[in-house]
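> Supplied in C-alpha cells, the structure appears directly below.
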Amino acid sequence: MSGFTFKQGLSIGLQSSIAEETVYRLLIIPTIWWLSGNWALAIIISSILWAIMHQGTGFHPRWIRWIQLVIFGIILGFFFIQFGFLSSLTIHFIYNFILVMKPLWDYTFQKKLKASETFKQPSV
C-alpha cells in the first residue's frame, strides 16, 4: 500500500505542485525570458532544472526518466506561457495526485479482486 490516505494524497499533490510551479514556472521562466528575450530557451532551461531536481533512484535506465521529466517540464512550461499559472498548476497537481495515489488504488483494486474471487461459487 502507498501509506497515504486520500486526503494526504490531495495535500501532497497540491503542496508539491504549488511549490514547484511557483519556483520553476512563475519565477524561473519569466526571469530567463527577461534576461534572454527567448521564451523557448526559458522553458527549456527551467524544464532541465526541474528534471534535475526530480532525479531519483528506482528508474532504470535513469536517462529515460530524465527525458520524460524534461518533456513533461516543457509541456508545463508551454501551458504556463499559453494559458497561465493555473493551467500548469492544475496539470502538475493531477499528475502528482495520480502518482501518489496509484499504489493505494492498485492495492484497493487487488484487495477487492481477491475478495470477489473468494466468494465465487465453484462451477459444477
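The values are calculated or read from the model by the stated rules, or taken from the named source; none is laboratory data. Source: prediction; values computed, not measured. As a convention, Cβ positions derive from the backbone with ideal geometry for all residues, glycine included, and neighbour counts pool all protein chains shown. Keep in mind that these areas ignore ligands, DNA and RNA; they rest on the heavy atoms of the full protein, side chains included. Shrake-Rupley method; radii C 1.70, N 1.55, O 1.52, S 1.80 Å.
> Given the -39500 (n - 2.57) contribution per DSSP H run of 4+ residues, what per-residue ellipticity at 222 nm results for the chain, rounded to the nearest 500 deg cm²/dmol?
-26000 deg cm²/dmol
> Taking the radius of gyration and the Kirkwood hydrodynamic radius from Cα positions alone, what is the Rg/Rh ratio for the chain, to two decimal places?
Using Cα coordinates only, the ratio equals 1.17.
> FRET efficiency for residue 90 and residue 117, Cβ-Cβ distance as r, R0 = 25 Å, nearest 0.05?
0.05
> Provide the per-residue ³J(HN,Hα) series for the range 87-94, in order, calculated from phi with Karplus coefficients 6.51, -1.76, 1.60 and θ = phi - 60°, each as a whole number of Hz, with x at glycine and proline positions.
5, 5, 4, 5, 4, 4, 4, 4
> Something else about it: Excluding ligands, DNA and RNA, what is the solvent-accessible area per residue of the range 12-68 at a probe of 1.4 Å, expressed in Å²?
62
> Name the most mobile residue of 49, 86, 35, meaning the one with the largest mean-square fluctuation, in a Gaussian network model of the chain with Cα contacts below 10 Å.
In this elastic network of the chain, the residue with the biggest mean-square fluctuation among 49, 86, 35 is 35.
> Which whole-number percentage describes the relative contact order of the chain, with Cα contacts under 8 Å and a sequence gap of 6 or more?
37
> Using 7 Å Cα-to-Cβ label points, what is the residue 110/residue 83 separation (nm, one decimal)?
My value for the distance between the label points is 3.4 nm.
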